[in-house]
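What follows is calculated from the coordinates using simple rules that are stated; it is not laboratory data. Everything numeric in this text was worked out from a predicted model, so none of it was measured.
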Amino acid sequence: MGRPRTGQSRGQGPSGASSGNPRGGGGTTRERDARGPRPRERGRGDGDLQDRVVEIRRVSKVVKGGRRFNFSALVVVGDGNGRVGAGLGKANTVPAAIAKGQDRAKRNMFDVPMRNTTIPHEVLGKFESSTVLLKPASEGTGVIAGGGVRAVLELAGIKDVLTKALGSTTAVNLVQSTVEGLKSLRTKADIEQLRGVKITL
């Protein structure tokens, strides 16, 4: 004689609810960490600062007891009004790596010279084997860039710019190349002060 049917499906408790994570997240904490965080645009308690996670990488190391996993997070922080910075954080979990990346990005923030909604002049940013070309664009063009380059430019508050990535397309190299390019920008007043002459355009 078979067992009486109770109407409960497999994997459910007495109340009919799933026996997994009560919040519905699914999986263990390490599995959720490996999938990475949800997209975020706002920093934590830093006024108008915004942060964007560009890339999360998982690195495994083989030890005597098995594999040991670590995570690295590339984070860009900016206020959308001429200040931006980038940082790379490493830790045993994704949230800790992101937090370290945010802290380092905030310490690395710098001012970006701008002319209206674009950059003052064309510039080449180089880092390791990557090169990023940044060119001014007319109003309404938008940010013609992708990946980490777009994140840096948008969080810096630049709304119109043309870009071209040359060489290595590694996210860390591209972000650092963009940062180096923005740091090398000079305004008209800076050039006049450096050369000691008056520039008329």
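Given their separation in residues at 0.36 nm each and the Cα-Cα distance between them, residue 103 and residue 168 gain 20.8 nm when the chain is fully extended. For residue 183, the lysines whose Cα comes closer than 24 Å to its Cα, not counting residues fewer than 8 places off in the same chain, are 100, 106, 126, 135, 159, 164, 198.
Note: relative contact order over the range 112-201, using C-alpha pairs below 8 Å and six or more positions apart, is 36 percent. Multiplying the residue separation of residue 141 and residue 63 by 0.36 nm and subtracting their alpha-carbon distance yields 22.9 nm.
Using only the Cα atoms of the range 112-201, build the gyration tensor, take square roots of its eigenvalues as a ≥ b ≥ c, and label the shape rounded, prolate or oblate: rounded if a/c is under 1.5, else prolate if a/b is larger than b/c, else oblate. In terms of gyration-tensor shape, oblate.
Each residue of the range 160-174 was assigned a 3J(HN,Hα) from its phi angle through the Karplus expression (A = 6.51, B = -1.76, C = 1.60, θ = phi - 60°), giving 9, 6, 10, 9, 8, 8, 10, x, 5, 9, 4, 4, 4, 5, 5 Hz with x at Gly and Pro.
Taking amide H atoms as placed 1.01 Å from N in the peptide plane, the amide H of residue 137 lies under 5 Å from those of 119, 162, each 5 or more residues away in sequence or on another chain.
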